[in-house]
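Enquirer: Pasting a structure below so you can have a look.
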Amino acid sequence: MDFETLLQKYQALLAENQALKEENLSLKSRLGLAEPLESQSSPEEVQQEPFRSEPPFYLNDGANPTEKIRLFMSLFKGREDVYAKRWEGREGRAGYAPVCLNEWKPGFCKKP
């Protein structure tokens, strides 16, 4: 494939992307879900939080379990709808498997 063909395909994809964005906005407004234009932000406007190598707070030696859990959750923040559950098989095998609140909705939990 030569450069001109790739450029044409790229421009066609950009035009299709723009048309789909406009259609999406139109459908949202028909449903009453459209956001005001000033609240929508482009990728250039989004400010990313700087990476912090230190935990947000420190624990002393006599920290209670609630403080320890809060520290753990702040360090390992992720999806709150997915967590591990221990299982045991009949043959004595055991392990952990992901549990997802959306387990039966296709595409959410990526479970086989």
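The values are calculated or read from the model by the stated rules, or taken from the named source; none is laboratory data. Note that this is a predicted model, so its numbers are computed, not measured. Glycine also receives a Cβ, built like all others from the backbone with ideal geometry; neighbour counts cover every protein chain displayed.
Enquirer: If you go through region 37-59 one residue at a time, do you hit one that is exposed (fewer than 10 other Cβ atoms within 10 Å of the Cβ), part of a loop (DSSP other than H, G, I, E, B) and modelled with pLDDT of 70 or more?
Expert: Taking every residue of region 37-59 in turn, none turns out to be exposed (fewer than 10 other Cβ atoms within 10 Å of the Cβ), part of a loop (DSSP other than H, G, I, E, B) and modelled with pLDDT of 70 or more.
Enquirer: Moving on. Could you grab me the full set of residues in region 1-16 that are within 33 Å of the chain's Cα centre (by Cα) and hydrophobic (A, V, I, L, M, F, W, C)?
Expert: Once the filter is applied, which keeps residues that are within 33 Å of the chain's Cα centre (by Cα) and hydrophobic (A, V, I, L, M, F, W, C), region 1-16 yields 6, 7, 12, 13, 14, 15.
Enquirer: Quick check: is even one residue across region 9-26 surrounded by 10 or more Cβ atoms within 10 Å (Cβ to Cβ) and modelled with pLDDT under 75?
Expert: No: region 9-26 contains no residue that is surrounded by 10 or more Cβ atoms within 10 Å (Cβ to Cβ) and modelled with pLDDT under 75.
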